[in-house]
């Protein structure tokens, strides 16, 4: 099997990845080498520049990684590059909106209960069972992006145990 690994150079973006299934392997020029399993959030503030690669951590035929990656322009350019990861359990997200990214200046961003992002954006993750809902009060001056990832009950054995579906993001 031929595996091609490409290193990408990025700058002046806030990039986060949510691992939906499988495991993602990350390497960068800041010395970070990590394998991230399902449910982890990987965050990179590319700032003045970072060289990194990401790939499927499994070398088994038929195993694959499914992850969602979103890019956000930072509130200012020339920031120092930063890399961090954080995870929340399914129970933390079940039936509610769990804040996973918050502005650096916010109390959640400073306290570390959410990953701090250099932009006025909040990102929430939720696992909702059939018939469940979650509510977010949004100001008139805000816009909302909702991303329903998938029906996890037919896709992931860990989710089969919790009966949780679907996984969704709300960005405001």
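Only strands (runs of 3 or more DSSP E) wholly contained in the stretch 21-74 count here; list those with 1 or more residues that are closer than 18 Å to residue 125 by Cα. Lay out the reasoning, then the answer.
Values: elements: 23-28, 33-37, 40-45, 50-56, 66-72.
The strands (runs of 3 or more DSSP E) meeting that bar are 33-37, 40-45, 66-72.
Considering the stretch 33-47 alone, what residues qualify as being farther than 28 Å from residue 62 by Cβ and at pLDDT 90 or above? Full working, then the answer.
So the first thing to find is which residues in the stretch 33-47 are farther than 28 Å from residue 62 by Cβ, and the list is 43-47.
Listed by number, the residues that qualify are 43, 44, 45.
A quick yes/no check of all residues on (1) touching a helix residue (DSSP H, G or I) at 6+ places or on another chain (Cβ under 6 Å); (2) closer than 27 Å to residue 29 by Cα; (3) buried (at least 18 other Cβ atoms within 10 Å of the Cβ); (4) free of Cβ contacts under 8 Å to residues at least 12 places away in the same chain:
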{"residue": "73", "(1), (2), (3), (4)": "no, yes, no, no"}
{"residue": "77", "(1), (2), (3), (4)": "no, yes, no, no"}
{"residue": "88", "(1), (2), (3), (4)": "no, yes, no, no"}
{"residue": "118", "(1), (2), (3), (4)": "no, yes, yes, no"}
{"residue": "127", "(1), (2), (3), (4)": "yes, no, yes, no"}
{"residue": "134", "(1), (2), (3), (4)": "no, no, no, no"}
{"residue": "140", "(1), (2), (3), (4)": "no, no, no, yes"}
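Hey, among 90, 59, 140, which residue is in contact with a strand residue (DSSP E or B) (Cβ under 7 Å, 6 or more places away or on another chain) and at negative phi?
Working: 59 fails: in contact with a strand residue (DSSP E or B) (Cβ under 7 Å, 6 or more places away or on another chain); 140 fails: in contact with a strand residue (DSSP E or B) (Cβ under 7 Å, 6 or more places away or on another chain).
Within the list 90, 59, 140, the selection yields 90.
When only residues in the stretch 36-56 that are at positive phi and crowded, with 17+ Cβ neighbours inside 10 Å count, which is farthest from the chain's Cα centre (by Cα)?
It comes out as 47.
The values are calculated or read from the model by the stated rules, or taken from the named source; none is laboratory data. Predicted model, so just to flag it, every value in this text is computed and none were measured. So basically every Cβ, Gly included, is an ideal-geometry build from the backbone, and we count neighbours across all protein chains shown.
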